Amino acid sequence: MQKVRIGILGFGNRGYSFVVPLLTEPFSAQAEIIAVCDPNELKLDFARGSLQACPQVHYCREISALLAQHPDVVFVTTPQFAHASCAIAALEAGCDVFLEKPMARSSAECRAIIAAEKRSGRRVFMGFNLRFNPVCAKTLELIAGGRIGRVQQMVCTDYYSGGFSYFRRWHRLRANSGGLTVEKGCHSIDQLNSYAGSIPVRVAAFGGLDRFKPDPEGSDYCSNCGKAGTCPYYMDMAKAEETTRITTGIDGIVVNGGEKLDLCVFNSDKDTNDNITIIIEYENSVRASLVECFTSSCQATTGRQFIINGWNGQIWTELKDRKIQVFDNAPGQPALSPEIPAIPAGSGRHGGADNQMLEYVISTIAHDRPNLDMLTRDGYYAVAVAEAAERSVEEGRMIEIEKL
Ligand SMILES: NC(=O)c1ccc[n+]([C@@H]2O[C@H](COP(=O)([O-])OP(=O)(O)OC[C@H]3O[C@@H](n4cnc5c(N)ncnc54)[C@H](O)[C@@H]3O)[C@@H](O)[C@H]2O)c1
């Protein structure tokens with residue numbers, strides 16, 4: 001069988017993250033990277049260094065040059081300001097697309113990608129790796145298997161320890177990311193959408209920029225700020241690893257040798273929220289609430305929990321500890337149900353989710369099977385809920401998804 005030929009578009013944090021798995025068994029036997037495109041020459045240099053073992057790789061700064069290499073699939077790992085234009089160009093060139101989350105900055109851009117997907121007849125694999133997280137996959141299996149009966153209500157809390165870093169990178173401007181609810185919240189929203197087993201119809205939200213407001217006592221950069229010992233968000237550039245500086249510090253907008261990575265999270269220009277609380281109602285009358293906090297510092301623990309109330313019981317999940325508890329709504333049940341034993345993390349990043357996702361994408365293309373699981377429809381509804389939530393905060397009213 002011929003190897004699946006992969007072109008990587010955007011060689012930053014995420015694009016680079018696929019290199020090690022793709023150069024390792026079993027993926028190295030099934031797929032090969034044939035081209036890398038990034039407008040930033042420093043990133044291309046980094047790619048050349050990372051892919052020394054692959055003489056076939058073509059390096060370029062323009063998407064047209066990458067598409068001229070005829071990859072089977074284009075991995076779109078650019079910031080989402082380029083997702084729609086890049087995905088549409090790749091589809092029009094006859095390629096399949098692996099599209100990082102969020103699908104795009106807005107529901108309108110998502111609709112344009114879906115239209116191009118239909119026109120081209122090619123496959124777009126929507127990159128929600130959280131779906132492949134073993135705890136999330138097991139939770140969906142329990143729900144689909146009827147373990148707690150009909151789902152009625154859900155709660156998700158998401159505290160990301162790296163949330164603060166968005167305020168020194170491109171994510172902090174809506175023109176780039178669509179806002180942090182789109183950027184990060186899309187993961188949890190997609191999970192809630194899949195657990196609800198329905199489509200979201202109405203959204204209401206409260207949120208704001210409360211923590212990362214300008215600090216007159218701070219400076220523009222950590223490197224020239226006197227708060228080194230006291231600021232929980234202080235970044236010591238001298239201690240940042242070279243790889244971190246290169247993969248995350250330079251991003252096509254902030255082209256400054258990576259030094260802007262220590263931009264002050266308080267004094268940076270920004271137009272997104274640093275916290276948001278969302279309520280979603282689904283067509284089948286399931287209701288969900290989601291709390292997203294982006295102010296956790298690197299010292300805090302990342303945590304994402306889901307509680308799913310069904311008519312016959314509840315599921316409590318904690319992704320950090322990879323634990324699931326199931327409670328039955330029945331007389332004589334113990335107050336605490338036995339936990340499902342901690343689910344082992346798989347190999348690779350994000351608790352093994354990234355490798356599971358790669359396996360799905362590569363084997364689907366290699367065997368020319370239809371893509372049944374990583375759907376643009378799901379990418380659209382995740383962005384639509386996030387966009388509706390941000391609009392609800394701005395306009396102080398409930399937003400109907402249909403009217404976006
Ligand atoms: N699923 C996950 O777990 C996960 C994790 C991190 C990031 N992401 C997503 O991956 C995407 C990239 O994020 P990142 O953290 O890697 O950002 P990044 O800034 O580290 O890297 C983005 C790269 O894309 C390049 N780029 C910009 N415009 C381009 C264009 N038109 N063509 C080609 N390259 C272009 C930039 O120069 C940069 O090298 C985002 O959409 C982000 O939300 C997903």
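Which one of Ala104, Ala108 is closer than 27 Å to Phe306 by Cβ and not assigned by TED's automatic domain parsing to the domain that holds Tyr282?
After applying the criteria, what remains is Ala104.
Among Asp269, Asp210, which is assigned to a loop (DSSP other than H, G, I, E, B), at pLDDT 95 or above and more than 19 Å from the chain's Cα centre (by Cα)? Show your work before the answer.
Values: Asp269 fails: at pLDDT 95 or above.
Step by step, each of Asp269, Asp210 is checked, and only Asp210 is assigned to a loop (DSSP other than H, G, I, E, B), at pLDDT 95 or above and more than 19 Å from the chain's Cα centre (by Cα).
Report whether or not Gly15 is part of a helix (DSSP H, G or I), surrounded by 22 or more Cβ atoms within 10 Å (Cβ to Cβ) and touching a residue at least 24 places away in the same chain (Cβ under 8 Å).
yes
Taking the stated definitions as given, is Ala65 over 25 Å from Ser177 (Cβ atoms), over 24 Å from the mean Cα position of the chain (by Cα) and away from the ligand (no atom under 13 Å from the Cβ)?
Values: over 25 Å from Ser177 (Cβ atoms): yes; over 24 Å from the mean Cα position of the chain (by Cα): yes; away from the ligand (no atom under 13 Å from the Cβ): no.
No: the conditions fail for Ala65.
Quick one: count up the residues across the range 1-56 that are modelled with pLDDT of 90 or more and more than 16 Å from the ligand (Cβ to nearest atom).
19
Considering only residues that are crowded, with 24+ Cβ neighbours inside 10 Å, aliphatic (A, V, I, L, M) and closer than 20 Å to His171 by Cα, look in the range 81-107 and name the one that is farthest from the ligand (Cβ to nearest atom).
Ranking the qualifying residues of the range 81-107, first place goes to Ala87.
Working only within the range 127-141, note down all residues that are of a type in the set (A, V, I, L, M) and in contact with a strand residue (DSSP E or B) (Cβ under 6 Å, 6 or more places away or on another chain).
Listed by number, the list holds a single entry, Val135.
Among the residues of the range 108-129, are any assigned to a loop (DSSP other than H, G, I, E, B), crowded, with 23+ Cβ neighbours inside 10 Å, touching a Leu at 6+ places or on another chain (Cβ under 8 Å) and not acidic (Asp, Glu)?
Within the range 108-129 (the criterion being assigned to a loop (DSSP other than H, G, I, E, B), crowded, with 23+ Cβ neighbours inside 10 Å, touching a Leu at 6+ places or on another chain (Cβ under 8 Å) and not acidic (Asp, Glu)), the answer is no, since none of the residues qualifies.
Among the residues of the range 360-404, write down those that are closer than 11 Å to Ser107 by Cβ and without any contact (Cβ under 8 Å) to a residue 24 or more places away in the chain.
Those that are closer than 11 Å to Ser107 by Cβ and without any contact (Cβ under 8 Å) to a residue 24 or more places away in the chain: Arg391, Lys403.
Taking the range 188-222 on its own, how many of its residues are crowded, with 16+ Cβ neighbours inside 10 Å, under 27 Å from Asp236 (Cα atoms) and of a type in the set (Ser, Thr, Tyr)?
Qualifying residue count for the region: 1.
May I ask you to list the residues in the range 42-69 that are in contact with a Gly (Cβ under 8 Å, 6 or more places away or on another chain) and under 21 Å from Arg123 (Cα atoms)?
Of everything in the range 42-69, those that are in contact with a Gly (Cβ under 8 Å, 6 or more places away or on another chain) and under 21 Å from Arg123 (Cα atoms) turn out to be Leu66, Leu67, Gln69.
In this structure, is Ile399 over 25 Å from Phe125 (Cβ atoms), at pLDDT below 95 and assigned by TED's automatic domain parsing to the domain that holds Glu318?
For Ile399, the condition - over 25 Å from Phe125 (Cβ atoms), at pLDDT below 95 and assigned by TED's automatic domain parsing to the domain that holds Glu318 - is not met.
Scan the range 279-290 and report the pairs whose first residue is in contact (Cβ under 8 Å) with a residue 24 or more places away in the chain and whose second residue is β-branched (Val, Ile, Thr) and buried (at least 19 other Cβ atoms within 10 Å of the Cβ), with Cβ atoms within less than 6 Å and a gap of 6+ or a chain change.
Close Cβ pairs satisfying both conditions: Ile280/Val203; Ile280/Val385; Val286/Val151; Ala288/Ile280; Leu290/Ile278.
Given (1) outside any loop (DSSP other than H, G, I, E, B); (2) at pLDDT 95 or above; (3) within 18 Å of the chain's Cα centre (by Cα); (4) within 15 Å of the ligand (Cβ to nearest atom), identify the lone condition not met by Cys156.
(4)
Looking only at the range 164-187, count how many residues are surrounded by fewer than 24 Cβ atoms within 10 Å (Cβ to Cβ), part of a helix (DSSP H, G or I) and more than 12 Å from the ligand (Cβ to nearest atom).
The total comes to 3.
Go through the range 117-153 and give me each residue that's within 16 Å of the ligand (Cβ to nearest atom) and among the hydrophobic types (A, V, I, L, M, F, W, C).
Val124, Phe125, Met126, Phe128, Leu130, Phe132, Val135, Cys136, Ala137, listed by residue number.
The values are calculated or read from the model by the stated rules, or taken from the named source; none is laboratory data. The shown structure was predicted, so the numbers you read here are calculated from the model rather than taken from an experiment. A quick note on method: Cβ atoms are made from the backbone with ideal geometry, for glycine too, and the neighbour counts reach across all protein chains shown.
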